[in-house]
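Student: I have a structure I would like to understand better, so I am pasting it below and will then ask my questions one at a time.
The values are calculated or read from the model by the stated rules, or taken from the named source; none is laboratory data. Note that the coordinates shown come from a computational prediction; the quantities given were computed from them, not determined experimentally. Positions of Cβ are generated from backbone atoms using ideal geometry, with glycine treated the same way; all protein chains shown enter the neighbour counts. SASA here: full protein model, heavy atoms, side chains in, ligands and nucleic acids out. Shrake-Rupley method; radii C 1.70, N 1.55, O 1.52, S 1.80 Å.
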There are 2 protein chains.
Amino acid sequence: MIQYKAPLKDIKFLMNDVYQFQQHYQQIPGGEEATPDMVDMILDAAASFSEEVLSPLYQTGDKGCRFEGGEVQTPAGFKQAYQLYVENGWQSMSTPVEYGGQGLPMSLSIAKSEMIGTANWPWGMYPGLSLGAMNTIFLHGSEAQKQTFFIPLSQGRWSGTMCLTEAQCGTDLGQVKTKAEPTADGAYAITGQKIFISSGEHDLADNIIHIVLARLPDAPEGTKGISLFIVPKFNVNEDGSLGERNLVSCGAIEEKMGIHGSSTCVMNFDGAKGFLIGPENKGLMCMFTFMNTARIGTSIQGLASAELSFQGALPYAKERRSMRSLSGSKDPDQVADTLMVHPDVRRMLLTQKAIAEGGRAMIYHAARLADLMMAAHTRGDQSLYDQYDDELGFLTPILKAFLTELGYEAANHGVQVYGGHGFIKEWGMEQIVRDAQISKLYEGTTGVQALDLLGRKMLLGKFKAYDHFAQQVKAFTRRTKRPEMKKMIRKLKRNMLAWKLYNYRIAFKASKNRDMVGAASVDYLMYAGYISMSYYWAMMAETAYQKLESGDGDAEFYTAKIQLAEFYYKRILPRAKAHASMMVRDPKSLMQIKEEHFSFLD
Amino acid sequence: MIQYKAPLKDIKFLMNDVYQFQQHYQQIPGGEEATPDMVDMILDAAASFSEEVLSPLYQTGDKGCRFEGGEVQTPAGFKQAYQLYVENGWQSMSTPVEYGGQGLPMSLSIAKSEMIGTANWPWGMYPGLSLGAMNTIFLHGSEAQKQTFFIPLSQGRWSGTMCLTEAQCGTDLGQVKTKAEPTADGAYAITGQKIFISSGEHDLADNIIHIVLARLPDAPEGTKGISLFIVPKFNVNEDGSLGERNLVSCGAIEEKMGIHGSSTCVMNFDGAKGFLIGPENKGLMCMFTFMNTARIGTSIQGLASAELSFQGALPYAKERRSMRSLSGSKDPDQVADTLMVHPDVRRMLLTQKAIAEGGRAMIYHAARLADLMMAAHTRGDQSLYDQYDDELGFLTPILKAFLTELGYEAANHGVQVYGGHGFIKEWGMEQIVRDAQISKLYEGTTGVQALDLLGRKMLLGKFKAYDHFAQQVKAFTRRTKRPEMKKMIRKLKRNMLAWKLYNYRIAFKASKNRDMVGAASVDYLMYAGYISMSYYWAMMAETAYQKLESGDGDAEFYTAKIQLAEFYYKRILPRAKAHASMMVRDPKSLMQIKEEHFSFLD
């Protein structure tokens, strides 16, 4: 059994030492509540809940949900854990005080989500999906809708879903067919079928609030004719009590590769009562507000897969004895040396660890931006809001796609460390791989994220996002004068320059042939990921040197951090070369083969 | 449902055009039987059997085996398919005529195994495992043992296993504890537990012949004290009929990530009657004879995963409509363009295809060597045998580890092409990933293969295997004068030279620090894989040009082959750069972190 332990030392290193969240919290509304004591208390409590309540349900939850007579039964223990979660007010941690929330910074909720998601990703999806519904209602709902729906959602008494996908379309939401017809009472009758609805039906909460994309009669075709509706599972009476069952039901749950503890539902809307949210035909726009923040949530799965698989693999590598070290036996009295003596096993473990810790650094930086964005929203400063949104808009496709690809890789290393035992269910290592697979697919596949990064954020945005990021890196490289950091800084500077030149080359080629964008996109995203992660690793190394110099804290911890940064530069960052070499290629080798020549099987 | 179609055109392109098997068959004993007509008939029959009988059982077989009262029930249809396989004499295709076999070249059996394994890998493991037992008995058994055990195995009436792994050891077989005690009748009583025994128990054949590694009393410790035994499930009477049940039984079957149709058994030997095979204490040596040939079998799984996932993904990419081509809609009348217009989807499909076809070229080359090796064995020419064995010994770790790593990658691309649907069991795409995962683990993990390649075959072998391979490549590059091939040939020559220089660098570093071997090994293996695959792709391109020039055959097919070779050089081969850069690094970044500093969780 894998037992998760929250890496609080690593989390606090980022929050306190690298990003100095205490200073940051003093600059944002609600931040004054996040005193050092309060933050410690919250992190400790989230750690205990994740370790003690959620982690033991991870492998047992793999048995999956049961579907019977339209009802979904979640795995044993999930409901009790959810009740505890609600009772402890975890769901409302960062929701506004005026709607009964605790108003704490978003970044704290992200740290909480990391621990919950690493201990038990499938369980974490239930409260996680509610956040999407909450954001949408909070930003676009009327005051009455907030009172009726937002507050119980924020309390966790109700849960929420996002109903976007239909059988014929996922990425291409312009093809949505679900209809919304106005009814006499000012509401709408929603008719259609949605698939892949996570948490669409379950037994954890009293009501489920679906946010549904649908078309009004005579709406324009494509993405410009889509509106957003609130459709509750149970209609809600004036006093907030639950009324009769709405005409929405779960038709089936999917049999899938992993995340078996999370219900993935076919949802049938048979003239279900819905309420328009936001302006008519602007549904997609509304949906995508705060999308960047939501995507931080998904990218956590990359970090989570790497961290949990590392935690599973390390004790095995320390215990299992196989063969001798090539540089001379390390345990001559034992039947064999442990796996830890083998350089390639170390390479796999350190790769997992470098992905987890590098990914965490990227996510906590994004979390800080989310705080600032929320603060700008609260203060009504649209231009500042847009600035942070742009910055996040550059980071989030990288976070989402690069980190989930690497998290998946890391989960596979965990299996590999176990050898044949990694393939056996009992150990839990293969479950992490199966669960991680979905992270590359949902909320926009890697390919879709890559097009967003290169096509929209970079080329359409005239590389402003790159320039902004490059300025930050430059500020860091300028102020980092320590001789020990010289090599890393030089590498980082060179890579940032190379990146800039690649941008020009790709833009030039794309101006001649638009297929260049798709051809380069995924390699470009991976390239951007490796280079940007190297910046975060350099920051962590520099901070660790500072801490070592100051003499406070655990010197061994800081030394290991520096050593891991060195590992990243020597054994992971060189991969960027291959991506660079491939991303600048002409699209010809991809496009010249005729569709009918992909296969010669009659 | 995925329906497999045997890519006979590709297989015949290799056999007839690239490797000219017809000429080759004239040089080996038994090859005269393999006339063009006979070969075509066999390939066609293997294709029908794989497509019609095995392919429909692939997804249904994922429900898995049932274990009850010590018996294993294979999935519905497996037994009937096996009966058909036996009736049609498939198992004895390449076994010697004097033991009732058909004596056809090994390479033909490999083509058969490819089709069977691609259609349904878990099913194919049952007859596949028998081959290991057959090889062992054929090479090391007494005449009586061959009569008693080899013949029914070769007929497929009985099946076989290899019982190596125990709970405490897989790779490190020196730790084997199973005991063999001489009994009064000249046999041995075998006692111990073996795990991960594929086909250890099932309902397909009348008897199961286990080849078991065990220790004689007072045997030296470690690998030098291991002997090999034949342990039948049912004892065999003098007349060859089945006697009473032997004291070997299946204690459980494993719950695993994939290959659910294949039974993976815990086998308990409780004083079971066994027969020594080969000399005392030389069990490991005997076991590893013909290991290179056996490993070709496992490497086929890499090709199989890539091919099947490609065949699953292509029709979906042609049918599914999502978004518009960035270079202008290709189907303006339709709701959206198909996935085929998107360069990144093409990149994934072509990567799958390049892996499958490049892998096939590598495997069929190895198959040709296996024929020659078998011929040398038949003719009693030990020095020629050793020469081919060395050549295969260089290729097989690359085939086994590089191809299975790439096959796994290809299977993941197949899921990715399907987007969210790839995660759903119904489509079968995720099953290919789960089934492919084991290929990186069994028969020596990627890490173990990489140590074998770099440590044993390269460094201990003083790079003779590289030199031999380089000579072959040089002969090819010298005779390839076609201007269209110029770029590829230049690239290939440069890479071969670079490889040579890397060999020196690594050898030099390893002479100073033995940990260099393990540190470089996996990157070295992947590097060697990408470069050597580029040689096979260049050969295929050259042959395709020749065929185009000659004007016979399907010009579109040859053109597509050349285009795919170009794709390989432009979009896959550059990965070698990253591996080169990492493999020459000092082991320091791997070794300097103290074991106790891998984690700071209390």
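Student: Could you give log10 I(q)/I(0) at q = 0.17, 0.22, 0.24 Å⁻¹ for region B:206-254, computed by the Debye formula over C-alpha point scatterers of equal weight, without solvent?
Tutor: Those come out to -0.67, -0.85, -0.90, one per q.
Student: Give the cross-link partners of A:Lys112 among the lysines, using a straight C-alpha distance below 21 Å as the criterion and excluding same-chain residues fewer than 8 apart.
Tutor: In chain and number order, the partners are A:Lys5, A:Lys9, A:Lys12, A:Lys79, A:Lys353, A:Lys400.
Student: Rule-of-thumb check for region B:296-431: C-alpha Rg over 2.2 N^0.38 Å?
Tutor: Relative to the 2.2 N^0.38 Å estimate, region B:296-431 comes out at 1.41.
Student: Applying a 10 Å radius around every beta-carbon, put B:17-24, B:164-171, A:189-196, A:342-349 in order of their mean neighbour count, most first.
Tutor: Order by mean packing, descending: A:342-349, A:189-196, B:164-171, B:17-24.
Student: Once both labels are modelled 7 Å past Cα along the beta-carbon direction, what's the B:Glu98-B:Glu33 spacing in nm?
Tutor: Between B:Glu98 and B:Glu33, the label points sit 1.5 nm apart.
Student: If you average 1/r across every pair of different Cα atoms in region A:529-582 and take the reciprocal, what Kirkwood value do you get, in Å?
Tutor: About 11.8 Å, per the Kirkwood formula over Cα pairs.
Student: To continue, here is another question. Under the √(5λ) rule applied to the eigenvalues of the Cα gyration tensor, what semi-axes describe the equivalent ellipsoid of region A:127-166? Give them in Å, descending.
Tutor: On the way: eigenvalues 53, 33, 11 Å².
Rounded to whole Å, the semi-axes are 16, 13, 7.
Student: For chain B, what's the relative contact order in percent, using C-alpha pairs closer than 8 Å and at least 6 residues apart?
Tutor: Relative CO of chain B lands at 12 percent.
Student: Taking a probe of 1.4 angstrom, what is the accessible area of A:Phe150 in Å², to the nearest 10?
Tutor: That residue has around 0 Å² of solvent-accessible surface.
Student: For B:Lys491 and A:Ser329, what does the FRET efficiency come to when R0 = 60 Å and r is the distance between their Cβ atoms, rounded to the nearest 0.05?
Tutor: My answer for the efficiency is 0.90.
Student: Return the Cα extents of chain A along principal axes one, two and three, sorted largest first, each rounded to a whole Å.
Tutor: Here the Cα extents, ordered largest to smallest, are 81, 64, 58 Å.
Student: What is the angle, in °, between the Cα long axis of helix A:121-140 and the longest principal axis of the Cα atoms in chain A? Nearest 10 is fine, range 0 to 90.
Tutor: With rounding to tens, the tilt is 60 degrees.
Student: Here's another thing I want to ask about it. May I have the extent of the alpha carbons of the protein assembly as shown along their three principal axes, as whole Å values ordered from largest to smallest?
Tutor: 90, 68, 61
Student: Let me ask another. If we hang a label 7 Å off Cα along the beta carbon direction at B:Met38, how far is it from the matching labels on the other copies, in nm, shortest first?
Tutor: 8.5
Student: Separate question: What's the angle, to the nearest 10 degrees (0 to 90), between helix A:464-479's Cα axis and the longest principal axis of chain A?
Tutor: Once rounded, one gets 40 degrees.
Student: Considering only the other residues whose Cβ falls under 14 Å of the Cβ of A:Lys233, what net charge follows from Lys and Arg at +1 and Asp and Glu at -1?
Tutor: It works out to a net charge of -2.
Student: OK, next. Take the Cα pairs of region B:134-220, get the Kirkwood Rh, then feed it into Stokes-Einstein at 25 °C and 0.890 mPa s and tell me D in µm²/s.
Tutor: Estimated diffusion coefficient is 173 µm²/s.
Student: With N set to the residue count of region A:484-602, report its C-alpha Rg divided by 2.2 N^0.38 Å to two decimal places.
Tutor: 1.47
Student: Then there's this: Put simply, what bits of region A:330-355 lose 30 Å² or more of accessible area when the other protein chains are there, versus the chain on its own (1.4 Å probe)?
Tutor: A:Val335, A:Met340, A:Pro343, A:Asp344, A:Arg346, A:Arg347, A:Leu350, A:Lys353
Student: Considering all alpha-carbon pairs of region B:440-548, what whole percent are spaced by more than 23 angstrom?
Tutor: Summing the P(r) tail past 23 Å for region B:440-548 gives 35 percent.
Student: Interface size between chain B and chain A, please: total buried accessible area, 1.4 Å probe, rounded to the nearest 100 Å². Don't skip to the answer; put the middle values down first.
Tutor: Values: alone 26290 and 26270 Å², together 43250 Å².
Chain pair B/A: roughly 9300 Å² of buried accessible area.
Student: Running Debye on region B:96-189 with equal point scatterers at the Cα sites and no solvent, what base-10 log of I(q)/I(0) appears at q = 0.12, 0.15, 0.19 Å⁻¹?
Tutor: -0.53, -0.78, -1.08
Student: With Kirkwood's inverse mean 1/r over C-alpha pairs for Rh, give me the Rg to Rh ratio of region A:454-504, two decimals please.
Tutor: Across region A:454-504, the Cα-based Rg/Rh ratio is 1.07.
Student: If you don't mind, another one. Relative to the other copies, what are the label-point distances for B:Ala507, with labels 7 Å from Cα along the C-beta vector, expressed in nm at one decimal and sorted shortest first?
Tutor: Distances to the matching label points in the other copies: 4.9 nm.
Student: Mind jotting down a quarter of the surface of the convex hull over the alpha carbons of region A:378-498, in square nanometres, one decimal?
Tutor: One quarter of the hull surface, i.e. the mean projection, equals 11.7 nm².
Student: Using only the Cα atoms, work out Rg/Rh for region A:1-159, with Rh taken as the Kirkwood radius, to two decimals.
Tutor: Rg/Rh for region A:1-159 comes to 0.99.
Student: Quick one: go through region A:193-217 and flag any residue whose amide nitrogen is under 20 Å from the point 7 Å out along the Cα-to-Cβ line of A:Leu242.
Tutor: The answer is A:198-212, whose backbone nitrogens lie closer than 20 Å to the label point.
Student: Taking each residue in B:578-589, count the Cβ atoms of any other chain within 10 Å of its Cβ, then average. What number comes out?
Tutor: Working: counts 11, 4, 3, 8, 8, 2, 0, 5, 1, 4, 4, 12.
Average per residue, whole number: 5.
Student: Normalised by the number of residues in region A:405-516, what is the relative contact order in percent for Cα pairs under 8 Å and 6+ residues apart?
Tutor: 14 percent
Student: For region A:116-229, calculate the relative contact order in percent as a whole number, restricting contacts to Cα pairs under 8 Å that are 6 or more residues apart.
Tutor: 26 percent
Student: Taking each label point as 7 Å beyond Cα in the direction of the beta carbon, state the distances from A:Ala555 to the same residue in the other copies, shortest first, in nm.
Tutor: Computed spacing set for this position: 7.7 nm.
Student: Between B:Gln3 and A:Asp381, with labels modelled 7 Å along Cα→Cβ, what's the label distance in nm to one decimal, could you check?
Tutor: Rounded to a tenth, the inter-label distance reads 6.4 nm.
Student: Eigenvalues of the Cα gyration tensor times 5, then square-rooted: what semi-axes does that give for region A:433-478, in whole angstrom, largest first? Spell out each step's value before the answer.
Tutor: Working: eigenvalues 164, 53, 5 Å².
For region A:433-478, the ellipsoid semi-axes come out as 29, 16, 5 Å.
Student: Have a look at B:Ala317, A:Gly274, B:Gly128 and report the one farthest towards the positive end of the charge dipole of the protein assembly as shown, computed about the Cα centre with Cβ charges (Lys/Arg +1, Asp/Glu -1).
Tutor: Positive-end residue among those listed: B:Ala317.
Student: By how many degrees, between 0 and 90 and to the nearest 10, does the Cα long axis of helix A:403-417 differ from the longest principal axis of chain A?
Tutor: Rounded to the nearest ten degrees, it is 60.
Student: Would you calculate the separation in nanometres between label points at A:Arg157 and B:Thr60, each defined as 7 Å from the Cα along the Cα-to-beta-carbon direction?
Tutor: So the two model labels end up 5.2 nm from each other.
Student: Length gain on complete extension for the stretch A:Asp218 to A:Glu484, per 0.36 nm per residue less the alpha carbon to alpha carbon distance?
Tutor: Between A:Asp218 and A:Glu484, full extension yields an extra 89.2 nm.
Student: Over all residues in A:174-187, what is the mean tally of Cβ atoms on other chains that come within 10 Å of each residue's Cβ?
Tutor: If you average over the peptide's residues, the count of other-chain Cβ atoms is 1.
Student: Further question: May I ask you to rank B:His140, A:His597 by accessible area, largest first, using a 1.4 Å probe over the protein chains only?
Tutor: Sorted by accessible area, descending: B:His140, A:His597.
Student: Heavy atoms only, probe 1.4 angstrom, no DNA, RNA or ligands counted: give me B:Phe508, B:Phe138 ranked by accessible area, highest first.
Tutor: On the way: B:Phe508 125, B:Phe138 40 Å².
Descending accessible area places them as B:Phe508, B:Phe138.
Student: Can you give the percent of C-alpha pairs in region B:376-422 whose distance is more than 15 Å? It would help to have the intermediate numbers written out before the result.
Tutor: Numbers: 671 of 1081 pairs.
Tail of P(r) above 15 Å: 62 percent of Cα pairs.
Student: How large, in percent, is the carbon and sulfur part of the accessible surface of chain A at a probe radius of 1.4 Å? Working shown, then result.
Tutor: Details: 11140 of 21620 Å².
Ligands and nucleic acids excluded, carbon and sulfur reach 52 percent.
Student: Moving to a separate point now. Semi-axes of region A:1-73's equivalent ellipsoid from the Cα gyration tensor, sqrt of 5 times each eigenvalue, largest first, rounded to whole Å?
Tutor: The equivalent ellipsoid of region A:1-73 has semi-axes of 35, 17, 10 Å.
Student: Moving on. Can you give the three extents of the C-alpha atoms in region B:173-227 along their principal axes, from longest to shortest, in whole Å?
Tutor: 38, 28, 14
Student: What size of dipole, in debye to the nearest 20, comes out for region A:178-268 about its Cα centre when the only charges are +1 on Lys and Arg C-beta atoms and -1 on Asp and Glu C-beta atoms? Intermediate results must be reported in sequence, preceding the final value.
Tutor: On the way: 7 positive and 12 negative charges, 73 e Å.
Using only the charged Cβ atoms, the result is roughly 360 debye.
Student: How many Å² of accessible area per residue for chain B, probe 1.4 Å?
Tutor: 36 Å²
Student: Taking the Cα centre of region A:336-428 as the origin and placing charges on Cβ (Lys, Arg +1; Asp, Glu -1), which of A:Ala401, A:Ile355, A:Met340 is farthest toward the positive end of the dipole?
Tutor: Of the candidates, A:Met340 comes out farthest on the positive side.
Student: Using helices alone, I'd like the mean residue ellipticity at 222 nm for chain A: each DSSP H run of four-plus residues gives -39500 (n - 2.57), total over residue count, nearest 500. Intermediate values should be presented prior to the final figure.
Tutor: On the way: 21 runs with 303 residues, N = 602.
Value at 222 nm, helices only, nearest 500: -16500 deg cm²/dmol.
Student: While we're looking at this one, here's another question. P(r) of region B:127-273 in 10 Å steps, Cα pairs, percent per bin?
Tutor: 12, 43, 36, 9, 0
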